[in-house]
Amino acid sequence: MATDWHGADKLDADLDSEEFGLFDDAVAGDARDPYPELARARREHPVQRLDSSLMPHEESAPVFFLYRHEDISRVLRDSETFSSGHIIGLIMGPVMGEHIMLGMDGPQHRRYRALVSTAFGPKVMNRWESELAMRVGNALVDRFAERGRAELVREFTFPYPTQIIAGILGLPQDDYKQFQRWSIAILSFLSKQEEAIAASQQVKEYVAGILEDRRRSPKKDLLSDLAHAELDGERLTDEEIFSFVRLLLPAGVETTYRSTGNLLLTLLSNRDQLEAVRADRSRISQAIEESLRFETPLLNITRLATKDTEVQGVPIPAGSTVMLMLAAGNREETRHPDPDRYDIARAEPKPHISFGQGPHICLGMHLARMEMRVALNLLLDRLPGLRLDPEARDPHIRGQVFRSPTAIPVLFG
Ligand code: HEM
């Protein structure tokens, strides 16, 4: 049997560059600065109707794009009128199984969320911080700390959350590389469905073996918690657990590696703010929140209108898809003055909506914040004089569905 993660000192983190590059090109898209267009849309048609649906399931139903914070927030809080149910059939079901909580509504969602939420509460994070995130982060930095230079996306921000999720689940460390390959395949589900479905099946078979073991002899890991979680005498079925594990890849790995990259590149490109954080680490939390607002890692999420309704007086017929443009809401000038400026010292910072809102608000937000805080602290501690490589070719954030830097070439020491 392979080594357990918690006892592991050395982590194998090689990431095939080509594999990663292809993945990122396909998934992120190339838009460098979508913000002027989003600002124009928010000004000119904050509730925008498009009649030729881009959604494969309902050619004839209209799609509405919402760009204002207030409207997005209202929709997310009213899950009776705006359902998440279509998400399963639309894209995720065939890859992740029929039981993903992201696509559940009402009592079914409440039951499922109650069963998994203690494992992601703020208290549990203290344990994962000391036992896992610090260990994973330090082991990754060990591999390049002496070199004086690194490319932080391939060498740090991508392997970091993948290893943390694998560790939280309790997967054996020796299986890490394989898990990472499956992650990339599953994350590419929009562009390469067949490969994603195959990887998803393999993850299911792989997890099934470990789950069986944890049912017999529980350990201190998430698979054991999921195997034994109980609500009103009911437990999660194996299929429900497999769906949850597969959802954690796009939900927990993709968003976090992108947001950690956004945080690092934005600070490295704003030297005065990086120095302010370096000198006073209590500013890290605000740097994280401001970077989540300024460079929203997941730009939009979707809902389906269950009945005829309206937003800002615009009628929305039952069956319409509603696209909630989180990134546009996060740069709304009436809420965040001078919204296109990254400023960790905002006088009255208002909460962003990068984690969504309402019943589906991100289950992993405490984990994501903890991971980003640990990452920034340890990179600042261990890489003195951390700075962008001046010779590097134009590192920048890009993407129109997800956003993050493709590369962060740095020098230090
Ligand atoms: C900065 C990083 C992250 C961002 C920006 C993010 C964003 C989001 C958003 C916008 C939603 C709501 C989707 C919707 O309402 O349709 C969501 C839900 C979710 N997130 Fe995250 N997420 C992040 C990190 C994580 C992590 C680390 C985990 C891992 C555990 C995670 C697990 C989930 C799950 C399971 C849901 C579904 C919750 C539900 O349906 O009730 N996320 N996330």
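The values are calculated or read from the model by the stated rules, or taken from the named source; none is laboratory data. What you are looking at is a predicted structure, and each value in this text was computed from that prediction instead of being measured. Positions of Cβ are generated from backbone atoms using ideal geometry, with glycine treated the same way; all protein chains shown enter the neighbour counts. Note: accessible area is taken over every heavy atom of the protein model, side chains too, but ligands, DNA and RNA are not part of it. Shrake-Rupley method; radii C 1.70, N 1.55, O 1.52, S 1.80 Å.
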*Using helices alone, what [θ] at 222 nm do you get for the chain, with -39,500 (n - 2.57) per DSSP H run of 4 or more residues, divided over all residues and rounded to the nearest 500?*
-13500 deg cm²/dmol
*Could you check the simple spin-label distance between Glu205 and Glu131, using points 7 Å along Cα→Cβ, in nm with one decimal?*
3.1 nm
*Pop the C-beta distance of Ala145 and Arg32 into the FRET formula with R0 = 30 Å and round what comes out to the nearest 0.05.*
0.45
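Can you give the local net charge around Asp105? Use residues other than it whose beta-carbon is closer than 12 angstrom to its beta-carbon, Lys and Arg +1, Asp and Glu -1. Write down the numbers at each step before the final one.
Values: positive: Arg110, Arg111, Arg113, Arg303; negative: Asp78, Glu80.
Summing Lys/Arg as +1 and Asp/Glu as -1 gives +2.
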*How big is the antiparallel share of DSSP beta bridges in the chain, given as a percent to the nearest 5?*
85 percent
_On a full-extension model of 0.36 nm per residue, what is the gain between Arg235 and Arg216, subtracting their alpha-carbon distance, rounded to one decimal in nm?_
5.3 nm
_Under a crude label model (7 Å from the Cα following the beta-carbon direction), how far is Asp338 from Arg77 in nanometres?_
3.0 nm
*Would you check the chain for Lys pairs whose C-alpha atoms are within less than 26 Å, ignoring same-chain pairs closer than 8 in sequence, and give me the count?*
13
*Could you check how much of the accessible area of the chain is carbon and sulfur, as a whole percent, using a 1.4 Å probe?*
52 percent
_Using a 7 Å offset from Cα along Cα-Cβ at Glu44, what residues in the stretch 319-335 end up with backbone N under 17 Å from the label point?_
328
*How would you rank 179-185, 213-219, highest first, on the average number of other Cβ atoms within 10 Å across their residues?*
179-185, 213-219
*So how do 315-321, 196-202, 162-168, 333-339 stack up, highest first, on mean other-Cβ count within 10 Å?*
162-168, 196-202, 315-321, 333-339
_Cleavage-rule hits (trypsin sites (Lys or Arg not before Pro)) in the stretch 336-402: DSSP loop, at most 15 neighbouring Cβ within 10 angstrom_ = Arg341, Arg393
